[in-house]
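Following: one structure in structure tokens, then a few remarks.
The values are calculated or read from the model by the stated rules, or taken from the named source; none is laboratory data. All of these numbers come straight from a predicted model, not from anything done at the bench. In case anyone asks, the SASA skips ligands and DNA or RNA and just uses the protein heavy atoms, side chains included. Shrake-Rupley method; radii C 1.70, N 1.55, O 1.52, S 1.80 Å.
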Amino acid sequence: MRKALRWLLALTVLIGTMSTAGAATAAQPEATGTTGTTGTTGTTDEDILDRLLAIPGMSLIQEKPYTGYRFFVLNYTQPIDHRHPSKGTFQQRITVLHKDTARPTVFYTGGYNVSTTPSRREPTQIVDGNQVSMEYRFFTPSRPDPADWSKLDIWQAASDQHRIFRALKPVYGKKWISTGGSKGGMTATYYERFYPRDMDGVVAYVAPNDVVNDEDSAYDRFFAGVGTKECRDKLNAVQREALVRREPLERRYAAYAADNGYTFTTVGSLDKAYEAVVLDYVWGFWQYSLLADCDTIPANAKSATDDAIWNSVDSISGFSFYTDQGLEPYTPYYYQAGTQLGAPTIHFPHIEKRYLRYGYQPPRNFVPRSVPMKFRPSAMRDVDGWVRHHAHHMLFVYGQNDPWGAERFRLGSGARDAYVFTAPGLNHGANVAGLVADQKALATARILAWAGVASATVQANPSAARPLAAFDAKLDRRDVERDMTLRP
């Protein structure tokens with residue numbers, strides 16, 4: 001499960017970080033502009049960068065070529081505290097995939113680091129538009145120095161998006177759609193809750209919604225029925241066997257850590273890290289794998305070799321994750337999980353109590369003790385109530401076999417032109433393309449309409465809706481959202 005974060009870290013290392021967070025300075029005035037269509041047509045390939053860099057606080061890190069687009073990696077000066085903008089700033093990294101100012105714009109965030117490799121999210125392909133992507137505050141290099149962790153909350157992050165939108169709207173004056181997957185889907189939802197007049201539509205993929213942090217029975221019900229009994233039994237047996245063989249496998253873990261220079265100060269001990277990895281195993285399988293992948297799981301855990309048990313757990317959960325080195329890049333996530341987002345707690349009826357020493361550990365265990373944390377239960381209740389009663393032009397997409405969908409956003413009587421759809425058989429990578437035919441067509445038609453690019457034919461007959469841009473194998477690579485740990 002937290003293997004997701006390890007893979008995201010590997011991607012971040014691969015693509016590189018082009019800048020470092022700036023030291024706190026006096027805040028610059030907020031970029032302003034109307035929400036009209038100033039300069040929305042005729043922007044040439046030569047002057048778009050000039051227009052972006054004319055925005056106060058915007059600076060260029062790098063431009064990368066991609067056929068049919070211009071792709072910019074930028075820094076934007078943000079207040080550390082949007083309530084008190086005079087108290088310092090930091091540099092927030094964003095990217096712009098520019099197609100044409102006459103096209104709509106998709107505002108994407110994954111809720112973690114931003115990729116500096118050109119890519120196009122599904123709504124961007126559907127509307128054939130521009131894409132602005134934001135790195136979430138406090139993920140390096142977009143971290144204030146020094147870091148005041150009390151300024152990492154969902155309202156501050158939504159305000160980051162609001163300022164970026166206000167700065168870019170005079171350049172990209174057509175309609176805007178916000179989107180994100182997993183924690184990014186949560187982020188898009190929170191942004192809509194706090195700034196409902198900014199976006200023309202929201203597409204939130206596989207977004208968890210942990211309204212009551214201490215009530216997580218929905219997850220236990222999910223694991224009791226997901227997939228087939230045969231597959232569940234195989235996974236449960238391997239997970240249990242990894243704890244039965246704790247002593248020899250922990251010796252292997254210690255050697256693995258020593259060989260790689262891994263330490264365990266944050267989580268507390270190798271023993272606690274080992275159990276955390278093992279308890280992620282079943283969840284991690286369903287989050288990232290399909291039912292057909294059960295064929296890769298050892299068929300008889302009791303007779304499997306230690307190598308087979310180790311390799312199966314490592315391939316899904318990742319033994320490097322609960323090391324200090326694996327956890328450090330994701331301190332901002334665990335801080336948010338332990339202060340506002342909440343985190344699931346599940347039970348393991350197939351494992352005898354004598355094999356469980358710690359159970360599911362809370363986010364507090366994965367954040368250095370030097371960082372203070374206090375949980376605020378009102379945050380998610382507020383967002384949930386707002387979505388139920390005020391959702392407008394919002395689409396939520398979930399995967400049938402994704403554990404995160406066990407606690408999801410739901411719509412109430414006050415919702416208008418809003419939808420919750422589930423892709424059959426899919427995992428944490430569920431998307432519009434994976435929906436059943438009538439829902440896929442409706443979702444595509446509504447996204448086109450919200451973006452202002454639905455043809456008369458599609459408006460009259462949603463079943464005719466198709467993405468406006470052709471699929472690009474590099475630009476539109478549809479990876480499973482690998483940016484969530486076992487607890488969002």
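What the table shows:
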read-out	value
Entries of LYS272/LYS353; LYS169/LYS474; LYS64/LYS474 with Cα pairs more than 20 Å apart	LYS169/LYS474
Built amide H within the under 5 Å cut-off of ALA418, gap 5+	HIS393, MET394
Calculated P(r) of region 161-306 - Cα pairs past 27 Å, %	49
Largest to smallest accessible area among LYS87, LYS440 [probe 1.4 Å]	LYS87, LYS440
Heavy-atom accessible area ranking, 1.4 Å probe, most first, across ARG197, ARG466, ARG388	ARG197, ARG466, ARG388
Share of pairwise Cα separations in region 270-381, more than 17 Å, in percent	63
Scaled radius of gyration (Cα, divided by 2.2 N^0.38 Å) that region 401-451 gives	1.21
Segment TYR256-ASP148, extension gain: residue separation times 0.36 nm, minus the distance between their alpha carbons	35.4 nm
DSSP beta bridge pairing in region 76-235, given as percent antiparallel to the nearest 5	40
C-alpha long axis of helix 246-260 to longest principal axis of the chain, angle in °	50
Solvent-accessible ranking of GLU352, GLU215, GLU230, largest area first, probe 1.4 Å	GLU230, GLU215, GLU352
Shape parameters for region 352-488, alpha-carbon atoms, Rg then Dmax in Å	19.5, 65
Antiparallel bridges, percent of DSSP beta bridges restricted to the chain (to nearest 5)	50
0 to 90° range, to nearest 10: angle between helix 270-279 axis and the chain longest Cα axis	70
Gained length - ARG357 relative to GLU63, 0.36 nm times residue gap less alpha-carbon distance	100.8 nm
Between helix 306-316 and the chain: long-axis angle, C-alpha atoms, 0 to 90°, nearest 10	20
Relative contact order computed over region 335-379 (Cα-Cα under 8 Å; 6+ residues apart), in percent	60
Gyration tensor over alpha-carbon atoms, region 331-400, equivalent ellipsoid semi-axes in Å	29, 20, 10
Over the chain, equivalent-ellipsoid semi-axes from the Cα gyration tensor in Å	38, 26, 20
Residue-averaged 222 nm ellipticity for the chain, from DSSP H runs of 4+ at -39500 (n - 2.57), nearest 500	-10000 deg cm²/dmol
